[in-house]
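Student: Here it is, the structure in full.
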Amino acid sequence: MGGQTGLFLFWLHVFCEVVLADVWKVDVEHKMEALVSSCVVLPCKFTYPAQQQPSDRIRGIWHKEKKWDDIIFHGDKTLVEDNFKGRTKLIGSLGGSNCSLEIDEVKNIDNGPYCFRVELETAPEDKYSFAENCVSINMIEEAPNPVVEAETSVLEGEPAIFKCSVRHTCPTHQPSLSWNHSGKIISSYKSLGHGNWEAESLLTFTPTKEDSHTSIECTVKYHGNVKGKMKASRPVFVKEKATLSHIIIPALSGLGAALLVGTVCFLVVKRYRFRSGEGRSELGGREQRQVHKRLLCALLQQSRTADIPFENIPNGLLLIVKSY
Ligand SMILES: *[C@@H]1O[C@H](CO)[C@@H](O)[C@H](O)[C@H]1NC(C)=O
Ligand SMILES: *[C@@H]1O[C@H](CO)[C@@H](O)[C@H](O)[C@H]1NC(C)=O
């Protein structure tokens, strides 16, 4: 590295430190949600005007808003309010400017707001309570159902995927999701930002006819003794896969019906001609038969185009045919 570049980088570094870090600043989510009895992690990042310090030279404290003595987290456990003893933990590294706090066994009175305070060993005045940027927690007493997603109908013999997911704010103890159907399961979780997380489970299996008209159920198990709706299910409809025989059989039966209709019409016409040749053609009877014949052929034709199997043509009609 050339001397000039080095010098430039040095000044850039100084400039950035002055502009970006020379302030007491905290970055938190002002409103969080938490499931009672589970855990909640309050995301937190901070900057201070002094040089970057290692973790053991930074003291991080969380206290209640406007009550600096109501301490919910302190490195010295004896200073922590009884109600929070053993329930709070800094999960980030203070040396990495991470002041994220975990509150475990969340109680419905843990609403806060809570504020972060930092004390540096660099100078006696290097202490700061970020009293303007505190976090309040909205308590959820009953967990909502997990969400199950899948296609409405699945194909027999083709892999089907079912997805189950829950949102939560306890990333240090992810909830577990399980299914009441065997298959390949892939579990994962991701951050949705702002302290919210989603745990998800993908179930892949190959449906059989026996699966049709049943339900597949997903059960969530949260960290802690959470109340609420832990199950959700989704019906399964299995569509038979179209095979060659499924295409050929209907085609053949359609063709057969058409041939039969054609033959019957032909016979009716022939029989009529034969009878009228016999001279039994009084005008009334003849006209009647003419009408019958047309009606019958039209009906048969209709039944063919509508793809009604020949057997389903009402017996009455066949009787008329026989009468000719
Ligand atoms: C703070 O630390 C926690 C725990 O290691 C981590 O999950 C989180 O991503 C960190 N936050 C930031 C802003 O680096
Ligand atoms: C799974 O749970 C659903 C919903 O309770 C139920 O209808 C179904 O029979 C269960 N399946 C099995 C394989 O137990």
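Student: Counting only residues that are buried (at least 22 other Cβ atoms within 10 Å of the Cβ) and either of a type in the set (Lys, Arg) or part of a loop (DSSP other than H, G, I, E, B) (or both), how many does region 21-42 have?
Tutor: Number of matching residues: 2.
Student: Identify, by number, the condition in (1) loosely packed, with under 13 Cβ neighbours inside 10 Å; (2) over 14 Å from residue 220 (Cβ atoms) that residue 142 doesn't meet.
Tutor: Tallying (1) loosely packed, with under 13 Cβ neighbours inside 10 Å; (2) over 14 Å from residue 220 (Cβ atoms), residue 142 fails exactly one: (2).
Student: Give all pairs with beta carbons closer than 9 Å in which a residue from region 208-224 that is in contact (Cβ under 8 Å) with a residue 12 or more places away in the chain meets a residue that is within 10 Å of ligand 2 (Cβ to nearest atom) and among the hydroxyl-bearing types (Ser, Thr, Tyr); count only pairs at least 6 apart in sequence or on separate chains.
Tutor: From residues that are in contact (Cβ under 8 Å) with a residue 12 or more places away in the chain, the pairs are 215/233; 216/233; 217/233; 218/233.
Student: Can I ask one more? Select, from 97, 55, the only residue that is touching a Phe, Trp or Tyr at 6+ places or on another chain (Cβ under 7 Å) and among the polar types (S, T, N, Q).
Tutor: Testing whether each residue is touching a Phe, Trp or Tyr at 6+ places or on another chain (Cβ under 7 Å) and among the polar types (S, T, N, Q) leaves just 97.
Student: Can you name the residue in region 75-111 that is in contact with a Leu (Cβ under 9 Å, 6 or more places away or on another chain) and assigned to a loop (DSSP other than H, G, I, E, B) and, of all such residues, is farthest from ligand 2 (Cβ to nearest atom)?
Tutor: Ranking the candidates gives 75 first.
Student: Kindly indicate which of 135, 118, 147 is aliphatic (A, V, I, L, M) and away from ligand 1 (no atom under 16 Å from the Cβ).
Tutor: From the options 135, 118, 147, the qualifying one is 147.
Student: Is it the case that some residue within region 124-144 is β-branched (Val, Ile, Thr) and closer than 30 Å to residue 241 by Cβ?
Tutor: no
Student: Could you give me the residue pairs with C-beta distances under 6 Å whose first residue belongs to region 27-45 and is assigned by TED's automatic domain parsing to the domain that holds residue 89, whose second residue is within 16 Å of ligand 2 (Cβ to nearest atom) wherever it lies, and which are 6+ apart or on separate chains?
Tutor: Matching pairs, first to second residue: none at all.
Student: Any residue at all in region 89-100 that is at pLDDT 95 or above, buried (at least 22 other Cβ atoms within 10 Å of the Cβ) and more than 24 Å from residue 175 (Cα to Cα)?
Tutor: no
Student: Moving on to the next point. Is it the case that residue 161 is surrounded by 13 or more Cβ atoms within 10 Å (Cβ to Cβ), hydrophobic (A, V, I, L, M, F, W, C), away from ligand 2 (no atom under 16 Å from the Cβ) and touching a residue at least 24 places away in the same chain (Cβ under 8 Å)?
Tutor: Considered against the rule, which asks whether it is surrounded by 13 or more Cβ atoms within 10 Å (Cβ to Cβ), hydrophobic (A, V, I, L, M, F, W, C), away from ligand 2 (no atom under 16 Å from the Cβ) and touching a residue at least 24 places away in the same chain (Cβ under 8 Å), residue 161 comes out as yes.
The values are calculated or read from the model by the stated rules, or taken from the named source; none is laboratory data. In this text, all values refer to a predicted model and were calculated from it rather than measured experimentally. Quick reminder, even Gly has a Cβ in these numbers, built from the backbone with ideal geometry, and neighbours come from all protein chains shown.
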